[in-house]
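Asker: Quick one: the structure is below, questions incoming.
The values are calculated or read from the model by the stated rules, or taken from the named source; none is laboratory data. Bear in mind the structure is a predicted one, so any value in this text is a computation, not a measurement. Don't worry about glycine lacking a Cβ; one is built from the backbone with ideal geometry, like all the others, and counts go over all protein chains shown. All accessible areas refer to the heavy atoms of the entire protein, side chains included, with ligands and DNA or RNA removed. Shrake-Rupley method; radii C 1.70, N 1.55, O 1.52, S 1.80 Å.
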Amino acid sequence: YVADYRRQLLTLQGSLTLTRAYYYCRACKTGGCPLDTILGLDKGETSLGIRGLVSRLSAYMPDRKATLEAELILGVKLAASTVQRLSRAVGEQLAREWKADEERLRAGRLPSPPGCVPTLHASMDGVFVFVDKKWCEAKIGVVYQRGENGIEQSAYYATLAKSADFGRRWRTLTYVHGSGECRKLVVVADGAEWVWREVGKYGPTSV
C-alpha cells in the first residue's frame, strides 16, 4: 500500500471526487488502484455509465449533436472530441468481442444457447451512410424469433466492413441466438448478390 489517491470522475449523477487506495508491487514494478478495475475505469475521467450513454447517442447522431444532447440530459459538458474518443473506444471494444466470438465459433468452442428454437428468422441488408466525408455502405444483420404477437426477441449487428467479413459476423450472430439448434432457419432479404452469397456460405439449408 502506498497511499490514497484522488481523481475527478464524471458520472451520470454529475462530477464526483473518488478516493481510492494505490498499491505498488516491488517484484513486478507495477502499481495501480484495484477499485479502478472493479469499477471499470480507464485512465480518462468518465464512468462506464457516461461512456455507454454518449456511445449510444453517437450511434444515432453526429458527435457535436450527441455532445449537446448529453449536456441537455445530464447537465454536464463534454467536448465533441471527448464524445468521439469515448464512442470510438466502445466501438473498438465491441469489435474485439465480436472477433473473439467469431474465432471461438470457428474453433468449435462457442457454446450454443440453451434449448431448441423451432424457427429462427434472420436478415441482412446494406444502406449507404456519409462517414468521414465519404459515402460508405453499412451492412446490417438481424436475427429474431416470432411469436403470436409478432417479433418477440431480436438482436442486431452492423459494420462498415466488407461483405465477406460481415458474413462471418452474421453467422456468429445467428449462432449465439440458436441457429445451431433450431429446426428451421428462415432468411428474408432482397436480391442483393452479396447477401445471398453470404447466406449460401453460412445458411445453406435455410429457407
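Asker: Any idea which of (1) under 18 Å from the mean Cα position of the chain (by Cα); (2) at pLDDT below 90; (3) of a type outside the set (D, E, K, R) is the one W98 doesn't satisfy?
Answerer: W98 satisfies every listed condition except (2).
Asker: Something else about it: Of all residues in the stretch 4-44, how many are more than 25 Å from the chain's Cα centre (by Cα), farther than 22 Å from T82 by Cβ and of a type in the set (V, I, T)?
Answerer: Qualifying residue count, the stretch 4-44: 2.
Asker: Do you know which of the residues in the stretch 117-139 that are in a loop (DSSP other than H, G, I, E, B) and farther than 12 Å from V176 by Cα is least open to solvent (accessible area, probe 1.4 Å)?
Answerer: Checking each candidate, the answer is P118.
Asker: Looking at the stretch 196-205, is at least one residue open to solvent by 20 Å² or more (accessible area, probe 1.4 Å), under 20 Å from A100 (Cβ atoms) and in contact with a strand residue (DSSP E or B) (Cβ under 6 Å, 6 or more places away or on another chain)?
Answerer: No, because not a single residue in the stretch 196-205 is open to solvent by 20 Å² or more (accessible area, probe 1.4 Å), under 20 Å from A100 (Cβ atoms) and in contact with a strand residue (DSSP E or B) (Cβ under 6 Å, 6 or more places away or on another chain).
Asker: When only residues in the stretch 172-192 that are open to solvent by less than 60 Å² (accessible area, probe 1.4 Å) and either of a type in the set (S, T, Y) or assigned to a strand (DSSP E or B) (or both) count, which is farthest from T119 (Cα to Cα)?
Answerer: Filtering the stretch 172-192 for residues that are open to solvent by less than 60 Å² (accessible area, probe 1.4 Å) and either of a type in the set (S, T, Y) or assigned to a strand (DSSP E or B) (or both), the one farthest from T119 (Cα to Cα) comes out as T172.
Asker: Out of the strands (runs of 3 or more DSSP E) lying entirely within the stretch 1-57, which hold 3 or more residues that are at pLDDT 90 or above and surrounded by 11 or more Cβ atoms within 10 Å (Cβ to Cβ)?
Answerer: In the stretch 1-57, the matching strands (runs of 3 or more DSSP E) lie at 14-25.
Asker: How about the stretch 153-171: which of its residues are open to solvent by 30 Å² or more (accessible area, probe 1.4 Å), assigned to a helix (DSSP H, G or I) and closer than 18 Å to C136 by Cβ?
Answerer: A164, D165, R169
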